[in-house]
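One structure, pasted below without further comment.
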Number of protein chains: 2
Amino acid sequence: MKRKTFGPVTSQQVAQIAGVSQSAVSRTFTPGASISPATREKVLKAARELGYRPNAIARSLNTARSRIVGVVMSYFDNQFYPQVLEALAQKLDELNYHLLLFVGDRDGNVDRIFDQIMQYRVDGIVLASVSLSIELSEECLAAGIPVVLFNRDDENGIVSSVNTDNEAAARQIAEFLLAGEHQRFAYVAGIADSSVNIARQAGFVSTLRSKGVEDIRVVQGNYDAQQTSRAARELFSSPQPPDAIFAANDHMALTVMDIARYEFGLRIPDDLSVIGYDDTGPSGWPSYALTSASQPVDEMVSATVALLMKQIESENIEPEQLVVKGALIVRHSARRPRSGVIEKDGLSLFQPQEVE
Amino acid sequence: MKRKTFGPVTSQQVAQIAGVSQSAVSRTFTPGASISPATREKVLKAARELGYRPNAIARSLNTARSRIVGVVMSYFDNQFYPQVLEALAQKLDELNYHLLLFVGDRDGNVDRIFDQIMQYRVDGIVLASVSLSIELSEECLAAGIPVVLFNRDDENGIVSSVNTDNEAAARQIAEFLLAGEHQRFAYVAGIADSSVNIARQAGFVSTLRSKGVEDIRVVQGNYDAQQTSRAARELFSSPQPPDAIFAANDHMALTVMDIARYEFGLRIPDDLSVIGYDDTGPSGWPSYALTSASQPVDEMVSATVALLMKQIESENIEPEQLVVKGALIVRHSARRPRSGVIEKDGLSLFQPQEVE
C-alpha cells in the first residue's frame, strides 16, 4: 500500500463536519489553548470520524516549539536509569512533551549525539550519565536550548543540574559503618572523573580519615560489572580483606555481594558489610536486601522537568543546581549500629542525632 | 538569554565559507546522498566553524521523512525491556533514525498514545509490551506507517511482529522438567490475554498433559511483582506444593525464587526447580543462576529494524511474522536431567536428541 505522507484530511473539513470554526479545531489541538468542552468534544468526534490529526512537526515550525525533549542516557543495565527514563517519559507526556532518546557512549562522549539532537530543534535536553563539554554547553546557551544534567554536576556552573547530595550521603555511609564498628574499609569507585564518583569518594574517605581510620582501600569498578568483579576479587584475595565496602552505585554493590558470597564464601553482613548508592529495585530484593543511599527518582525527575519547563517557557536560561534530599535506606547487607536507625513509612532509615 | 529558534547560520553561508555549492552542503547533511569525502570534509569544517546545523524538522517536511521511529514500551522494571530499548536506540541511530519514546499503560491501552505518535508523522512504530487494536492497525496501514509488534503477536496477521517461538520454547521447558523427574508442576502466568502468555502456557501445559501429567496448577502473576508474590505464597502454602515452576518471564521467576527461599525456606533446586523466560541480565547473577528460555535481544532488534526499514523504504507494507531462534539456557535454578544438556560458547544449553 502506498504511503500517504500527509493525511488527506484538513482542519477545514473537520471544522465543517463539527460545525465549528477552523480556529476552534486548531485550538482543540493546541496544548493549553482555551476551548469549551462542548466544542472540543465536537471537534474530536469529527476528527476521529475523518481520521484527522494535526501535524505536530509542521506546527512546530509555526510555534517555534517542537515539544520534543532530547534525553541522552547510557548504563541501561543499571536499573536506576530505566527507572529514571520511565518517569521522565511519563512526566513529559503529562505536559504533552515528548522524549527523543539517545544512547550515550559509556566514555561520556556526547558531541556526535549532540549534533543530532540539535538537528531536531528540541526544546530542551536532559543529559543523564554523560557530561557536556564547555563548548557544547555554550553552544546550547547560544541556541537558547535549556540543558539539565541529571545525576551529574557541572563544576563550571553554567549548566543546570539535578542531584542528591552525594558528598553528604557518602559521609553518612561512613558514619553508619563506623557506628557499626567496622575496621577495614574499601571504596569501589565509579568512573574516576564522573562528578558523582568524585563527591561520593570524597565524602566517604574524608569522613573516615577525620575519624583516624588508616585502612581505606580504593579500587576501580568504573560502573562496569566485569571491572567491579575484578576489583572485588582483588580486595577479597588480599591478606587483610575489608569488612566494610561502599560501592559508588547499587549495580556495583550487588556484583560485590555476589562475588563475596559465591566466590569467597563470605557471609553478609557477618563477615562483610556492603553499602550501595541509588536504592534501585533489585536492592530491595530479599536476595540482596542492600543498604543504600536513595536517589528519589520521582522527585529528581519532577525537579528536572519543572526546571526545563521554566527555562523553556520563560525563554530565559538561568543555570540552577538543584539538590534533592535522599536518605540512607537500611536493609540487611550491612551490620547495623546500636543506635541511629529509625523506622519511617515502613522503611528503616539511618538518622543519628548528631547528623541533622 | 533569548531563545533563537532558528540558528542564524544558513546553508548558503556554509557553502560560501566551504567554497562549495549549496547543494553540496545539503547533500552532506542528507543521509545516503552522494558526496565526495573531500567536499564533505570542507562542508563539515565550515559548518562546525559557523555552528551550522540543518533543520531536520523542516527537512522532514520536504523529504516527507521525519526519520523518527515511535517506540511504545512499558514494564521498565523487567530488565528485558530496557535491554531492548538500548539496542533499538543504537540500531536506529546507526541508520540515522531516532527514537521517540512513549510509555504504555500496563493494561495495554495504546489509543491515546497512538494519537500522539501519529501527530509526529513518525516513519515507523515499534510496539513492545502493548498490543494494537484492529482499528488502529488499519489506521496505520491507511496512513502507510509500518508497525512492528515486538514480543507480541497479532492473531489477525495484519501487523508485522518479531518474536521467539514461545510455544516451542515452553514445550522444551516442560520436556526439561519432565526429564528432571519432577512430579508437581505449576505455571505462573503473565497477563492472561497477552499473546506470549497464551503461547507459553499452551506449550507448557499441553506437553505435560501429553505425557500424562495431571498435577498442573496455573496461577496469575500478571507480569507484576506483587501479584506474583501472592501467587507464589498461594502455591507454597498448599498441602502439596509444586516441585517445578515455570514462570512466564524471568522477572516473575526471580520473585518466585525469593519468596520460596526467604519466606518458605525452600532450597533451590533441591526442593524446588524454577525456570523463567527472557534470559535477562539478573538471571545470570549468581544469587539466582536462573535457567531460562533466551530471547536474543540483538537479533530480535536487528530483525525489527530491518523489517521497518524495508517497509519504510519500499513504501510497501507487507505484514511479516518473524520468529527468532532462542535456546534454553541451563543454569542452577532447576534440577538438571541426566542427559540432553550440552556446553556451547561457555553456556549450558538443553538440546535433547529428540527435539531438533
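If the requirement is being in contact with a strand residue (DSSP E or B) (Cβ under 7 Å, 6 or more places away or on another chain) and either outside any helix (DSSP H, G or I) or free of Cβ contacts under 8 Å to residues at least 40 places away in the same chain (or both), which of these qualifies: B:Pro352, B:Pro337, B:Pro319, B:Pro286? First the steps, then the outcome.
Working: B:Pro352 fails: in contact with a strand residue (DSSP E or B) (Cβ under 7 Å, 6 or more places away or on another chain); B:Pro337 fails: in contact with a strand residue (DSSP E or B) (Cβ under 7 Å, 6 or more places away or on another chain); B:Pro286 fails: in contact with a strand residue (DSSP E or B) (Cβ under 7 Å, 6 or more places away or on another chain).
Only one candidate qualifies: B:Pro319.
Further question: Criterion first (within 14 Å of chain A (Cβ to nearest Cβ), surrounded by fewer than 24 Cβ atoms within 10 Å (Cβ to Cβ) and touching a helix residue (DSSP H, G or I) at 6+ places or on another chain (Cβ under 9 Å)) does B:Ala253 satisfy it?
no
So which helices (runs of 4 or more DSSP H) stay within segment B:99-187 end to end and still have 2 or more residues that are more than 14 Å from every other protein chain (Cβ to nearest Cβ) and modelled with pLDDT of 90 or more?
Ranges flagged: B:166-179.
So, in segment A:282-296, of the ones that are within 14 Å of chain B (Cβ to nearest Cβ) and more than 19 Å from the chain's Cα centre (by Cα), which residue ends up surrounded by the most Cβ atoms within 10 Å (Cβ to Cβ)?
Top of the filtered list is A:Leu290.
Further question on the same structure: Counting just the residues of segment B:71-84 that are under 19 Å from A:His98 (Cβ atoms) and more than 7 Å from chain A (Cβ to nearest Cβ), which one comes out surrounded by the most Cβ atoms within 10 Å (Cβ to Cβ)?
Only one residue fits best here, namely B:Val71.
Continuing with the same structure: From the list A:Val324, A:Val330, pick out the single residue that is away from chain B (no Cβ under 14 Å), within 30 Å of A:Gln183 (Cα to Cα) and touching a strand residue (DSSP E or B) at 6+ places or on another chain (Cβ under 6 Å).
On the way: A:Val324 fails: within 30 Å of A:Gln183 (Cα to Cα).
It is A:Val330.
Which condition does A:Pro31 not pass, out of (1) modelled with pLDDT under 75; (2) in contact with a helix residue (DSSP H, G or I) (Cβ under 9 Å, 6 or more places away or on another chain), if it passes all the others?
(2)
Same structure, new question: Sort through A:Phe264, A:Phe236 and tell me the only one that's out of contact with any strand residue (DSSP E or B) (no Cβ under 9 Å at 6 or more places or on another chain), in contact (Cβ under 8 Å) with a residue 12 or more places away in the chain and over 19 Å from A:His332 (Cβ atoms).
That would be A:Phe236, the only listed residue that is out of contact with any strand residue (DSSP E or B) (no Cβ under 9 Å at 6 or more places or on another chain), in contact (Cβ under 8 Å) with a residue 12 or more places away in the chain and over 19 Å from A:His332 (Cβ atoms).
Right, something else. Could you list all residues from segment A:227-237 that are under 30 Å from A:Val301 (Cα atoms) and away from every other protein chain (no Cβ under 14 Å)?
Listed by number, the list holds a single entry, A:Gln227.
Something else about it: Looking at the structure I just gave you, is A:Glu299 in a helix (DSSP H, G or I), surrounded by 15 or more Cβ atoms within 10 Å (Cβ to Cβ) and free of Cβ contacts under 8 Å to residues at least 40 places away in the same chain?
In short, yes.
Could you list, in sequence order, the residues of segment B:326-356 that are basic (Lys, Arg) and modelled with pLDDT under 95?
Listed by number, the residues that qualify are B:Arg338, B:Lys344.
Identify the residue in segment A:302-330 that is within 15 Å of the chain's Cα centre (by Cα) and farther than 19 Å from A:Leu99 by Cβ and, among all such residues, is surrounded by the fewest Cβ atoms within 10 Å (Cβ to Cβ).
A:Lys325
How many residues, within segment B:261-281, are crowded, with 24+ Cβ neighbours inside 10 Å and within 11 Å of chain A (Cβ to nearest Cβ)?
Adding up the residues that qualify gives 1.
If I ask for residues that are of a type in the set (A, V, I, L, M, F, W, C) and touching a Ser or Thr at 6+ places or on another chain (Cβ under 6 Å), which ones from segment B:305-356 would you list?
B:Leu307, B:Val324, B:Ala327, B:Ile329, B:Val330, B:Ala334, B:Val341
Just wondering, is there one or more residues in segment B:238-245 that are in a loop (DSSP other than H, G, I, E, B), farther than 30 Å from A:Ser229 by Cα and within 14 Å of chain A (Cβ to nearest Cβ)?
Keep residues of segment B:238-245 that are in a loop (DSSP other than H, G, I, E, B), which gives B:238-243.
From the residues that got through so far, the ones that are farther than 30 Å from A:Ser229 by Cα too are B:238-243.
Now narrow it down to the ones that are within 14 Å of chain A (Cβ to nearest Cβ): none.
No, the conditions are met nowhere in segment B:238-245.
Of these, A:Glu155, A:Glu175, which one is of a type in the set (Asp, Glu), surrounded by 19 or more Cβ atoms within 10 Å (Cβ to Cβ) and more than 27 Å from B:Phe29 (Cα to Cα)?
Being of a type in the set (Asp, Glu), surrounded by 19 or more Cβ atoms within 10 Å (Cβ to Cβ) and more than 27 Å from B:Phe29 (Cα to Cα) holds for just one of A:Glu155, A:Glu175, which is A:Glu175.
How many residues does segment A:331-353 contain that are buried (at least 18 other Cβ atoms within 10 Å of the Cβ) and among the polar types (S, T, N, Q)?
Residues that pass the stated criteria total 1.
If I go through segment B:136-180 residue by residue, how many of them are touching a Phe, Trp or Tyr at 6+ places or on another chain (Cβ under 9 Å) and β-branched (Val, Ile, Thr)?
3
The values are calculated or read from the model by the stated rules, or taken from the named source; none is laboratory data. Owing to the predicted nature of the structure, the values given are computational and were not obtained by experimental measurement. Glycine gets a Cβ as well: all are built from the backbone with ideal geometry, and neighbour counts include every protein chain shown.
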